[in-house]
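Throughout, read-outs are computed from the coordinates displayed, never taken from laboratory work. Fair warning: this is a prediction, and the values are worked out from it, not measured in the lab. Here the Cβ is made from the backbone with ideal geometry for all residues, glycine too, and neighbour counts use every protein chain on show.
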Amino acid sequence: MWENETEQQAMQPQSYLYPPKPAAVSSPPRSAPEERSAAHRASPPRGRSGGTNYILIAQMAVCLAMLAFVLLVRQTDPELYRQMGQQYQAALEQGVDLSGQQELVKFTEDAVAKIRDAAQQAVEEAAPAGGGVNHSSAAGAPAGYSLGAYTLSQAPALPLEQFWVSSAYGHRTHPITGEEDFHGGLDLAAAEGTPVACVLNGVVLQTGTSDSYGNYVRVLHSGDFVSTYNHLSAYEVKPGQRLQKGQKLGEVGSTGMSTGPHLHLEFLLHGVRVDPAVALGVETP
């Protein structure tokens with residue numbers, strides 16, 4: 001993970017440009033000892049600032065949110081993590097002046113915005129054309145995809161009760177573009193509105209909509225395993241929500257780049273896409 005060394009700026013001591021001066025002609029009457037003592041107790045100490053530093057708290061909250069997001073991406077998508085690192089490094093090389101708290105807050109906000117935009121762009125570029133990726137090699141799998149065997153610690157549930165496989169994982173001719181590509185998931189055709197279930201216990205990582213995937217839900221499971229559910233007509237979960245195996249998370253749809261109602265299911269192990277049919281025990285054409 002990248003390390004960002006931030007310079008802590010020293011607060012300038014408060015200065016008084018116009019201190020009170022004694023009268024030139026006559027001195028003020030001397031106060032009684034009791035009055036002087038009370039006045040001394042009432043005056044606040046100089047050089048101290050009371051109250052809560054809300055700017056510092058806001059900075060810490062933003063930094064913690066950035067850290068959590070980066071760790072999440074690092075665990076689920078190494079390629080996206082690498083691209084985010086490049087965007088972050090570019091932001092640091094712009095020579096932002098960190099001479100004050102306002103500049104630091106602005107830099108933090110700009111960095112978050114750039115990382116967010118880079119992440120969204122990388123997600124779109126990583127899965128163009130409905131879950132496929134173009135490649136030049138006729139054999140093997142492109143980077144970030146695997147044709148190897150794998151096992152899960154527990155048997156997953158089927159995401160749909162009834163379906164038929166309309167497109168298997170692996171090399172294919174794309175049904176929309178007509179180009180040869182590598183299909184990064186398993187397409188399960190079913191009637192629109194069919195309930196979609198979570199394959200294992202987990203926590204919702206992300207929900208949203210993209211041009212390629214349409215409405216999607218991504219769930220993190222134990223063992224650095226992630227399942228994604230795409231082209232949904234609707235979803236009924238939110239990030240951070242815990243799901244049980246077999247629990248409904250959405251419904252089959254045809255949103256995004258799709259030729260008809262189906263569920264595009266993806267499995268990722270340690271950030272690498274694998275064939276969902278292997279774990280589900282589903283026969284493919």
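Here's how it looks for GLN247: its modeled amide H is under 5 Å from those of CYS198, which are all 5 or more places away or on a different chain. A cut-off of 5 Å between modelled amide H atoms, ignoring neighbours fewer than 5 places along the same chain, links ARG273 with TYR145, SER146. Sorting CYS63, CYS198 from the fewest to the most surrounding beta carbons within 10 angstrom yields CYS63, CYS198. Summarising the amide proton neighbourhood of SER166: residues at separation of 5 or more, or on other chains, whose placed amide H is nearer than 5 Å comprise ASP187, LEU188, ALA189.
Each residue of segment 268-278 was assigned a 3J(HN,Hα) from its phi angle through the Karplus expression (A = 6.51, B = -1.76, C = 1.60, θ = phi - 60°), giving 10, 10, 6, x, 10, 6, 10, 6, x, 4, 5 Hz with x at Gly and Pro.
Mind sorting HIS264, HIS221, HIS171, HIS270 by how few other Cβ atoms lie within 10 Å of their own Cβ, fewest first?
Details: HIS264 29, HIS221 22, HIS171 17, HIS270 14.
With the sparsest Cβ surroundings first, the list reads HIS270, HIS171, HIS221, HIS264.
3J(HN,Hα) along segment 196-213: 10, 10, 6, 6, 8, 4, x, 10, 5, 7, 7, 10, x, 9, 9, 5, 7, 7 Hz, from the Karplus curve 6.51 cos²θ - 1.76 cosθ + 1.60 with θ = phi - 60°, whole Hz, x for Gly and Pro. Applying the Karplus relation 6.51 cos²θ - 1.76 cosθ + 1.60 with θ = phi - 60° to segment 233-239 yields 3J(HN,Hα) values of 6, 6, 10, 10, 10, 9, x Hz, where x marks Gly and Pro.
Listing ARG242, ARG273, ARG218 from the residue with the fewest other Cβ atoms within 10 Å to the one with the most, what is the order?
Working: ARG242 12, ARG273 26, ARG218 22.
In increasing order of surrounding Cβ atoms, one gets ARG242, ARG218, ARG273.
To the nearest 0.05, how large is the calculated FRET efficiency for VAL282 and LEU64 if R₀ is 41 Å and r is the Cβ-Cβ distance? If you can, show how the numbers build up before the last one.
On the way: r = 41 Å, r/R0 = 0.99.
The formula returns an efficiency of 0.50 here.
Taking Cβ atoms as reference points and 13 Å as the exclusive limit, the residues near VAL274 contribute a net charge of -2, counting Lys and Arg as +1 and Asp and Glu as -1. Each residue, GLN206 and ARG242, gets one label point 7 Å from its Cα in the Cβ direction; the gap between the two is 2.4 nm.
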